[in-house]
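The next block holds one structure in the form of structure tokens; read it before the comments.
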Amino acid sequence: MAWNAILTYKLFSETPRRDDSGDVTENVVVDYSTDLSEMADDVRSSIVTVSTTVSGLKHTCSGILYAKDEEAVYVFTSDQIIFEGADLTVTFDSSASAEAEIVASDSESAAALLKVTPPFEVTVMRQASSEVLRQGEYAAAMGGRSPITNAAPVSFGVISKPGQRRLLAGSPWFSDIIEIDTAVTAEMLGGPLMNVGGQLVGMCVSRSASGDRMAYALSVSEMRLLFDEFMENGKAVRGALGITVRSIGDMLAYEKSERDIRLDVLSGVLVTYVGENTAAEEALYPGDILMSIDGEEIADEKSFRASLYLHEPGDTAVLQVLREGETVEVSVELQ
């Protein structure tokens, strides 16, 4: 599929050639369609525009038709236009609109969940597993159709190694983030990041302020955790350690060798960073391997994050830690 993108670029970017008579001949493509264009057509109806007006100013971003039940459709979007007391409108790709209400929002993950009841049938977006994304894989970001220009943006790029990122300055929470080198406008925030099969792998929540074309998406894995929290509690309830980690099972042999980790150690997460003024600052160190929380095994990053969503700020968590070849227990008050 990567060759389709490369071929399209070459076909449209090559300099026009001159024939023997001196006339210019242009490169013309007829009835040519890439897999990306077909994918965009397939998912377009599951992407919406979310708008609100505050003090006479209209604010817009994108949204994802994430789930539905007998009562309503649930839309994941960016929290950037969630203003207290402001009316929200969801505009579907067909240009039909419906009023929406806020289920919950969370500034630490830059995400919000809306509830809307359209008088017609809609299709929610298919989901993939963000855990299997690989560095160098292609993905596409899309935004809702503009009600003013009728434009429906899409961009395409390469995924960096998925990791964690602090989305709210000073927060101890590091969200599960996918980084991609593609252009994302402010109006595209809240829109989906998809694999080339058109499956949801994340939601665009941030973009680089330095103009280097990097954008950041909240992984669909964390979106699932947030959805459950939002629906059950009306907010995100979780305890933060203030660290970033890597799955031991994903590490290559040379990486384990350099860190003196036995090759047969396949579960647990390696602590790669400990934030200042966080719960873990005095208890954990880079290089520690977390094996369990409150007796529950930590298999990988996914189970580590899920365990934090089972706790609340102020809870005391007992961590089993493999440190310099020895197993120790430490207690940490979560934030």
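When restricted to residues that are over 14 Å from residue 124 (Cα atoms), at pLDDT 85 or above and part of a strand (DSSP E or B), the stretch 18-75 contains 12. Residue count for the stretch 233-292 under the criterion of being in contact with a Gly (Cβ under 6 Å, 6 or more places away or on another chain) and either of a type outside the set (A, V, I, L, M, F, W, C) or assigned to a loop (DSSP other than H, G, I, E, B) (or both): the result is 6. Restricted to the stretch 228-254, and to residues that are small (Gly, Ala, Ser) and touching a helix residue (DSSP H, G or I) at 6+ places or on another chain (Cβ under 6 Å), which residue is nearest to residue 115 (Cα to Cα)? If we take residues in the stretch 228-254 being small (Gly, Ala, Ser) and touching a helix residue (DSSP H, G or I) at 6+ places or on another chain (Cβ under 6 Å), then 236 is nearest to residue 115 (Cα to Cα). Within the stretch 128-157, no residue satisfies the criterion of being in a loop (DSSP other than H, G, I, E, B) and aromatic (Phe, Trp, Tyr). Selection over the stretch 141-196 of residues that are more than 19 Å from residue 46 (Cβ to Cβ) and among the small types (Gly, Ala, Ser) gives a count of 9. The residues of the stretch 168-186 that are assigned to a loop (DSSP other than H, G, I, E, B) and surrounded by fewer than 21 Cβ atoms within 10 Å (Cβ to Cβ), listed by number, are 168, 169, 170, 171, 183, 185. Note on the stretch 301-323: among residues that are in contact (Cβ under 8 Å) with a residue 60 or more places away in the chain and among the charged types (D, E, K, R), the one that is surrounded by the fewest Cβ atoms within 10 Å (Cβ to Cβ) is 312.
For the stretch 118-153, the set of residues classified as under 22 Å from residue 250 (Cα atoms) and β-branched (Val, Ile, Thr) consists of 132 only.
Exactly one residue out of 194, 125, 203 is assigned to a loop (DSSP other than H, G, I, E, B) and either touching a helix residue (DSSP H, G or I) at 6+ places or on another chain (Cβ under 7 Å) or assigned by TED's automatic domain parsing to the domain that holds residue 69 (or both), and it is 125.
Please work out if residue 109 is crowded, with 21+ Cβ neighbours inside 10 Å and in a loop (DSSP other than H, G, I, E, B). It is true that residue 109 is crowded, with 21+ Cβ neighbours inside 10 Å and in a loop (DSSP other than H, G, I, E, B).
The values are calculated or read from the model by the stated rules, or taken from the named source; none is laboratory data. Because the structure is a prediction, the values reported are computed rather than measured. Counting neighbours? That spans all protein chains shown, and the Cβs are built from the backbone with ideal geometry, glycine included.
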